[in-house]
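Worksheet: the structure to be examined is printed underneath.
The values are calculated or read from the model by the stated rules, or taken from the named source; none is laboratory data. This one's a predicted model, so the numbers in the text were calculated from it and none came from an experiment. In this analysis, Cβ positions are derived from the backbone assuming ideal geometry, glycine residues included, and neighbour counts consider all displayed protein chains. With ligands, DNA and RNA removed, areas are computed over all heavy atoms of the protein, side chains included. Shrake-Rupley method; radii C 1.70, N 1.55, O 1.52, S 1.80 Å.
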Amino acid sequence: MREVIGLDLTPAMAMPFAQAAHERGLGNVRFLVGDAESLPFPEEEFHLVTTRRAAHHFPHLPRALTEMARVLRPGGRLGIADMVAPENPEAAHLFNALEATRDNSHVRAYTVEEWLGLIGDVGLNLLHLEAFEEEVAWLDWLYPLDPEGWEAKRAEEVLAQAFPGTRSLVVREGPGGLTLIKRRMVLVALKG
């Protein structure tokens, strides 16, 4: 029987997903509490490893990618969907600083170019990479934070201190107000 295993660092995330799977009668799905940087699985255990909107929270992303490659079988695939930083170093710094003010568990969003290097460093072969941008209204980006709270004020301060040329690579100002340029990536790599 094929099995799906979910993993999260915190019980607060893993437990609700386990409950939802149980309620839906998904007997081949289980959730564990564990660290992506030290996966609790033997080598070459999985055909597929995925992570969605989590990699920017990993304190040591190269270590987590090494672990993901380790648990993949030859011919297995790694799928990653996550935010990415702008290629411009100053804009990347600003983007990461803003994300960290909004969510203190944010460690770092990497650039697409950095992702390509990281995937190669762990011995995987890139099959597909798609990157895209979307504009997110400032208040939508801040949610669920209070737009009048200290985190929102700190984000505004970080943005105000940025050089205009750098700022324009991260946010846009228009008639509807401020929008954050959110960059995302979907990546698929193969273990040879």
Would you mind calculating the gained length between L9 and N88 on full extension (0.36 nm times residue separation, minus the Cα-Cα distance), in nm to one decimal?
-> 25.3 nm
Taking 0.36 nm per intervening residue step and subtracting the Cα-Cα distance, what contour gain separates N125 from H47 on full extension?
-> 26.6 nm
Ranked order, L190, L127, L118, L78 - accessible area, probe 1.4 Å, largest first | L127, L190, L118, L78
For the peptides 89-96, 17-24, what is the packing order when you average, over each peptide's residues, the other Cβ atoms within 10 Å and list the highest mean first?
-> 89-96, 17-24
All other residues with a Cβ under 12 Å from the Cβ of G192 taken together, and with Lys, Arg as +1 and Asp, Glu as -1, what is their net charge?
-> +3
Hey, got the dipole for the range 47-192? About the Cα centre, +1 on K and R Cβ, -1 on D and E Cβ, debye to the nearest 20?
-> 720 debye
Of V84, V170, V33, which is the most mobile in a GNM of the chain whose springs link Cα atoms less than 10 angstrom apart?
-> V33
Consider a paramagnetic label point 7 Å from the Cα of E156 along Cα→Cβ; state which residues of the range 116-142 have an amide N under 13 Å from it.
-> 139
Would you mind computing the Rg to Rh ratio of the range 99-147 from its alpha-carbon coordinates, Kirkwood style for Rh?
-> 1.11
Would you mind pulling out the separation of the Cα centroids of the range 96-132 and the range 1-79, in Å?
-> 18 Å
GNM on the chain, Cα springs under 10 Å; top mean-square fluctuation among L72, L26, L142 goes to L26
With Cα springs under 10 Å, the Gaussian network model of the chain assigns the largest mean-square fluctuation among W138, W115, W150 to W150
Can you give me the three principal axis dimensions of the range 143-192 from its C-alpha atoms, in Å, biggest first?
-> 50, 27, 22
For the range 118-171, give the percent of accessible area contributed by carbon and sulfur heavy atoms, probe 1.4 Å, rounded to a whole number.
-> 55 percent
For the chain, count all C-alpha to C-alpha pairs, find those more than 25 Å apart, and express that count as a whole percent of the total.
-> 44 percent
Against the longest alpha carbon principal axis of the chain, how many degrees, from 0 to 90 and to the nearest 10, is the axis of helix 150-160 turned?
-> 70 degrees
Cα-based helix-to-principal-axis angle, 11-23 vs the chain, degrees rounded to 10 = 60 degrees
Under the Karplus curve 6.51 cos²θ - 1.76 cosθ + 1.60, θ = phi - 60°, whole-Hz ³J(HN,Hα) for the range 183-192, x wherever Gly or Pro sits | 9, 10, 9, 10, 10, 10, 10, 10, 8, x
Determine, from the Cβ-Cβ distance of R2 and L139 and an R0 of 45 Å, the FRET efficiency 1/(1 + (r/R0)^6), rounded to the nearest 0.05.
-> 0.60
